[in-house]
1. So how many residues does the range 132-146 have that are small (Gly, Ala, Ser) and touching a Pro at 6+ places or on another chain (Cβ under 8 Å)?
2. Within the range 105-132, work out how many residues are of a type outside the set (S, T, N, Q), within 12 Å of the chain's Cα centre (by Cα), open to solvent by 20 Å² or more (accessible area, probe 1.4 Å) and closer than 18 Å to Leu95 by Cα.
3. Sort out which residues of the range 111-128 are assigned to a strand (DSSP E or B) and free of Cβ contacts under 8 Å to residues at least 40 places away in the same chain, and write them in order of number.
4. On the given criteria, is Val66 open to solvent by 40 Å² or more (accessible area, probe 1.4 Å) and in contact with a Leu (Cβ under 8 Å, 6 or more places away or on another chain)?
5. Just one of (1) touching a helix residue (DSSP H, G or I) at 6+ places or on another chain (Cβ under 7 Å); (2) part of a helix (DSSP H, G or I); (3) of a type in the set (D, E, K, R) trips up Glu51, so point out which.
6. Quick check on the range 32-39. Is at least one of its residues open to solvent by less than 90 Å² (accessible area, probe 1.4 Å), part of a helix (DSSP H, G or I) and at pLDDT below 95?
7. Cβ-Cβ below 7 Å, separation at least six or inter-chain, first residue in the range 82-93 and within 23 Å of Ala24 (Cβ to Cβ) and free of Cβ contacts under 8 Å to residues at least 24 places away in the same chain, second small (Gly, Ala, Ser) and surrounded by 12 or more Cβ atoms within 10 Å (Cβ to Cβ): which pairs?
8. Go through the range 94-104 residue by residue and tally those that are open to solvent by 50 Å² or more (accessible area, probe 1.4 Å) and touching a residue at least 40 places away in the same chain (Cβ under 8 Å).
Amino acid sequence: MKHVLLTALLCVLLAGCASTTTAANDEAAVIETLHAACRAYQQADVAKMTELLTPDFTLTDPDGIVTSREDDLQIARNGSIVYRVFENRDMKVRLHGDAAVVTGITRVAGNAGATQFETDLQFTDSVVRENGKWRVAASHVSRIKR
């Protein structure tokens with residue numbers, strides 16, 4: 001009887017550890033996906049952006065303008081916005097099965113045509129797991145009041 005109880009307890013403990021490990025792995029994968037997306041935007045890497053953004057991806061900017069994945073891909077193709085810096089930090093991931101909500105700060109600097117910009121933005125990203133890979137489905141950024 002003791003052996004059965006010890007085996008059951010060990011299974012429960014291992015299942016809890018596996019669940020924690022899976023959550024930690026998922027969180028790390030979501031964060032890496034967002035870092036990869038930042039690099040893709042900074043490098044105007046259309047192929048990588050296509051891979052990391054869902055086909056129905058939307059970005060809502062600080063002025064409330066909503067752009068699609070195709071809009072962002074076109075900007076990368078034509079170079080109308082060039083990023084010198086595009087980095088996320090202070091990310092907090094909330095996992096919900098095959099979806100995650102991530103908040104944090106994005107630092108961007110670059111040129112939009114002849115206009116230079118440099119700012120920090122608060123972001124909320126919705127990330128989904130499709131066919132085992134995490135992809136960004138929606139993003140919203142707001143100006144940080146100083």
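1. In the first step, residues of the range 132-146 are kept if they are small (Gly, Ala, Ser); the result is 132, 137-139, 142.
Narrowing the set further to residues that are touching a Pro at 6+ places or on another chain (Cβ under 8 Å) leaves 142.
Counting residues in the range 132-146 that are small (Gly, Ala, Ser) and touching a Pro at 6+ places or on another chain (Cβ under 8 Å) gives 1.
2. Our first condition is that a residue be of a type outside the set (S, T, N, Q); within the range 105-132, this holds for 105, 107-110, 112-114, 117-118, 120-121, 123, 125, 127-130, 132.
Then keep just the ones that are within 12 Å of the chain's Cα centre (by Cα); that gives 105, 123, 125, 127-129.
In the following step, the residues that additionally are open to solvent by 20 Å² or more (accessible area, probe 1.4 Å) were identified as 105, 128-129.
Right, trim to closer than 18 Å to Leu95 by Cα and you get 128-129.
Qualifying residue count for the region: 2.
3. Of all residues in the range 111-128, those assigned to a strand (DSSP E or B) come to 111-112, 115-128.
Passing the criteria: Asn111, Ala112, Thr115, Gln116, Phe117, Glu118, Thr119, Asp120, Gln122, Phe123, Thr124, Ser126.
4. Numbers: open to solvent by 40 Å² or more (accessible area, probe 1.4 Å): yes; in contact with a Leu (Cβ under 8 Å, 6 or more places away or on another chain): yes.
For Val66, the condition - open to solvent by 40 Å² or more (accessible area, probe 1.4 Å) and in contact with a Leu (Cβ under 8 Å, 6 or more places away or on another chain) - is met.
5. Result: Glu51 fails condition (1) only.
6. Here is the first cut: in the range 32-39, the residues open to solvent by less than 90 Å² (accessible area, probe 1.4 Å) are 32-38.
Those still in the list that are part of a helix (DSSP H, G or I) too: 32-38.
Then keep just the ones that are at pLDDT below 95; that gives none.
No, the range 32-39 contains no residue that is open to solvent by less than 90 Å² (accessible area, probe 1.4 Å), part of a helix (DSSP H, G or I) and at pLDDT below 95.
7. So the pair list comes out as Arg89/Gly104; Asp90/Gly104; Lys92/Gly104.
8. Final tally of qualifying residues: 1.
The values are calculated or read from the model by the stated rules, or taken from the named source; none is laboratory data. Please read these numbers as outputs of a predicted model, since none were measured by experiment. Quick reminder, even Gly has a Cβ in these numbers, built from the backbone with ideal geometry, and neighbours come from all protein chains shown. SASA here: full protein model, heavy atoms, side chains in, ligands and nucleic acids out. Shrake-Rupley method; radii C 1.70, N 1.55, O 1.52, S 1.80 Å.
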